[in-house]
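The values are calculated or read from the model by the stated rules, or taken from the named source; none is laboratory data. Since the structure is predicted, the reported quantities are computational estimates derived from the model, not experimental observations. Glycine gets a Cβ as well: all are built from the backbone with ideal geometry, and neighbour counts include every protein chain shown. Protein only, heavy atoms only, side chains kept; ligands, DNA and RNA dropped before computing areas. Shrake-Rupley method; radii C 1.70, N 1.55, O 1.52, S 1.80 Å.
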Amino acid sequence: MSTKTIVHTTINGDPVEFLCEPRQSLLEVLRETLLLTGTKEGCNNGNCGACNVIMDGVLVNSCLVLGVEAEDATITTIEGLASPDGLHPLQQTFLEHAALQCGICTPGFLLSAKALLDRNPDPTETEVRYWLAGNLCRCTGYDKIVRAVLDAADRRDRVTR
Amino acid sequence: MQAFDYARVSTVDEAVRLLAARNGDARVLSGGTDLLVALREGRDSAGLVVDVKGVPELMEMFFDRGGGLMLGAAVPCQRMYSDEPIAQAFPGLMDAASLIGGVQVQGRASFGGNLCNASPAADSIPALIVHKATAVIAGPGGRREVPVEEVCVAPGRTQLQPGELLVQLRIPAPEPRFGAAYQRFTPRNEMDIAVVGVGAAVRLNADGDHFEWARIALGAVAPTPLLAAEAGDALAGKAVSEAAIEEAARMAQAAASPITDMSGTAEFRRRLVGVLTRRTLVAAIERARRAGTHWNADLR
Ligand SMILES: Cc1cc2nc3c(=O)[nH]c(=O)nc-3n(C[C@H](O)[C@H](O)[C@H](O)COP(=O)(O)OP(=O)(O)OC[C@H]3O[C@@H](n4cnc5c(N)ncnc54)[C@H](O)[C@@H]3O)c2cc1C
Ligand code: FES
Ligand code: FES
């Protein structure tokens, strides 16, 4: 048995400390220790993107990050996307374009899309499709998701977050 | 996942000391996109995981006119192609960096990890080989530098000994009229593993119509990524022509020893080696002609 370590992070703007074993993934810690269950587990091996979070500005699969690696990291999860004033523009356009059905892939898609727009506020459709290639959806068909991301990019000219 | 200890180190010496003390029971953690999957699935095991992302040397990337590109072993692919001057100078390396997984994998996955994981289908390795890259390896006895084509010795195995660590990849500064490209065949455009991958690099003469030298490297058609030395050498001194490219493609096919598995038959793979050798040579020639001698001077 390896010993538990205290890890200090900032999650969705709040300082958060947690105790974890080295073998625990960040995904496991988020869901089971911190009860931030918006981040989903799909494949647990890097292929589906349901577990995506943004760590120190970089989009990562939280199933492929150890909890202990998050020491001093700043993390954004789906719970940090909306503000007290309302939904994030991406959440709004996902709703309007019906870009979700069962919803299990949605948090991952939203974090991927946010990471894209943070880096490239005006992506082409091709850029959106390639960027989202690591996110799988078994229900919606990708077209509505791509439309929603492009629409959010258009609206960001007016609303900037 | 199985239980293990975790250590985050900040120097190469500290990493080497920890790795050497565990006698084969320790694993280096760079981006974790291979290692954590292997540990979870029980394909690998570790008593100690040594996280090297806190070692500055492994996370640095810079270009030096004399020494070329120094690529820290743990630098993620996304940082490579996001660095514009370096991306423009080494499009043949960026071909591979932008193919490894999707963006969330590229945010963590490193060329060093790709090389040390030693998959026959690893995308960065043929690209590194044609760039004449070398690997700087540190161990209890000091440092050594070996050509990348000698690092992998079997599927999933490198020549690194317990206690050794890949510190850096060194890619020589591009010569004038140098061009390189890497391409792979996959059933799906993104997020797939190469059925065959081919890297090609050429240096052309001043008029851009003769090969001074060429290198061709193959992935997924042998137990390790392979330098098809004869195929590349055959081009040296020849006029750039379809016939010369065709001949090199045939020689590359002869160098391959593909197997049949779920992603393709041996026969299909051999065909692909021909197709991709032609395509990557054409792409490398085009880049070499476009590069001329200019961008090399722009780079600092
Ligand atoms: C969804 C997904 C898609 C992928 N797609 C591709 C693809 O298209 N093409 C491809 O080639 N690969 C692919 N991979 C595999 C993987 O992402 C790459 O091989 C990647 O480059 C590994 O780098 P890493 O930094 O994550 O390595 P890690 O997982 O950290 O390490 C890999 C191995 O190398 C060892 N190691 C790491 N760094 C060092 C070092 N400095 N010294 C000594 N040993 C070291 C580790 O102990 C481990 O055994 C994919 C993986 C996933 C999960
Ligand atoms: S659960 Fe992490 S990528 Fe699927
Ligand atoms: S909405 Fe069900 S998986 Fe995407």
Original post:
Okay, which of segment B:66-106 sit inside 18 Å, backbone N to the point 7 Å along the Cα-Cβ direction of A:Tyr142?
Top reply: B:98-106
**OP:** Please give the per residue accessible area of segment B:21-67, computed with a probe of 1.4 Å over protein heavy atoms only, in Å².
**Re:** 43
**OP:** Treating only the Cβ atoms of Lys and Arg (+1) and Asp and Glu (-1) as charged, compute the dipole magnitude of segment B:116-236 about its Cα centre; round to the nearest 20 debye.
**Re:** 320
**OP:** Write down the accessible area per residue of segment B:247-288 in Å², having rolled a 1.4 Å probe over the full set of protein chains.
**Re:** 52
Subject >> Separation of alpha-carbon centers, segment A:55-101 and segment B:178-207, rounded to whole Å >> reply: 34
Original post:
Picking from B:Pro126, B:Leu218, A:Asn44, whose Cα lies most toward the positive end of the charge dipole for the protein assembly as shown (charges on Cβ: Lys, Arg +1; Asp, Glu -1)?
Top reply: B:Leu218
Original post:
Ranked from highest to lowest mean number of other Cβ atoms within 10 Å per residue, what is the order of the peptides B:25-32, B:250-257, A:106-113, B:72-79?
Top reply: A:106-113, B:72-79, B:25-32, B:250-257
Subject >> Residue-normalised accessible area of chain A, expressed per residue, 1.4 Å probe, Å² >> reply: 45
**OP:** Treating the angle as unsigned and between 0 and 90°, give the value, to the nearest 10°, between the Cα long axis of helix B:242-255 and the longest Cα principal axis of chain B.
**Re:** 40
**OP:** Anything losing 50 Å² or more of accessible area from the isolated chain to the full protein assembly: pick those residues out of segment A:40-70, probe 1.4 Å, ligands and DNA/RNA ignored.
**Re:** A:Leu64, A:Leu66, A:Glu69
Original post:
Using a 1.4 angstrom probe with every protein chain in place, what is the largest-first accessible-area order of A:Arg31, B:Arg43?
Top reply: B:Arg43, A:Arg31
Subject >> Computed accessible area, A:Thr10, all protein chains, 1.4 angstrom probe, square angstrom >> reply: 50
Subject >> chain B, accessible surface, carbon-and-sulfur percent (1.4 angstrom probe) >> reply: 50
Original post:
Counting Lys +1, Arg +1, Asp -1, Glu -1, what net charge surrounds B:Pro172 among other residues with beta carbon under 13 Å of its beta carbon?
Top reply: +2
**OP:** Whenever you get a sec, line up B:Ile137, A:Ile78 from highest to lowest accessible area (probe 1.4 Å, protein heavy atoms).
**Re:** A:Ile78, B:Ile137
Original post:
Near A:Lys40, which lysines are there with a Cα under 18 Å away, not counting those fewer than 8 places off in the same chain?
Top reply: A:Lys114
**OP:** Report, in whole Å, the centroid distance computed from the Cα atoms of segment A:34-51 and segment B:53-79.
**Re:** 30
Original post:
When only C-alpha pairs under 8 Å and at least 6 residues apart count, what is the relative contact order of chain B, in percent?
Top reply: 17
**OP:** Could you name every residue in segment B:87-118 that has 50 Å² or more less accessible surface in the full protein assembly than in its own chain alone (probe 1.4 Å, ligands and nucleic acids excluded)?
**Re:** B:Val103, B:Gln104, B:Arg108
Subject >> Solvent-accessible area buried by A and B, counting both chains, probe 1.4 angstrom, square angstrom >> reply: 2300
Original post:
For the Cα atoms of chain A, what angle does the longest principal axis make with the long axis of helix A:142-155, in degrees from 0 to 90, nearest 10?
Top reply: 80
Subject >> Residues B:Ile259 and A:Leu19, FRET efficiency given R0 of 41 Å [Cβ-Cβ distance, rounded to 0.05] >> reply: 0.30
Original post:
Using a 1.4 angstrom probe with every protein chain in place, what is the largest-first accessible-area order of A:Arg129, B:Arg287?
Top reply: A:Arg129, B:Arg287
Original post:
segment B:184-198: which residues show an accessible-area loss of 20 Å² or more, assembly versus chain alone, 1.4 Å probe?
Top reply: B:Arg188, B:Asn189, B:Glu190, B:Met191
Subject >> Within chain B: Cβ-based charge dipole about Cα centre, in debye rounded to nearest 20 (Lys, Arg +1; Asp, Glu -1) >> reply: 140
**OP:** For B:Glu190, tell me the accessible area in Å² from a 1.4 Å probe, rounded to the nearest 10.
**Re:** 20
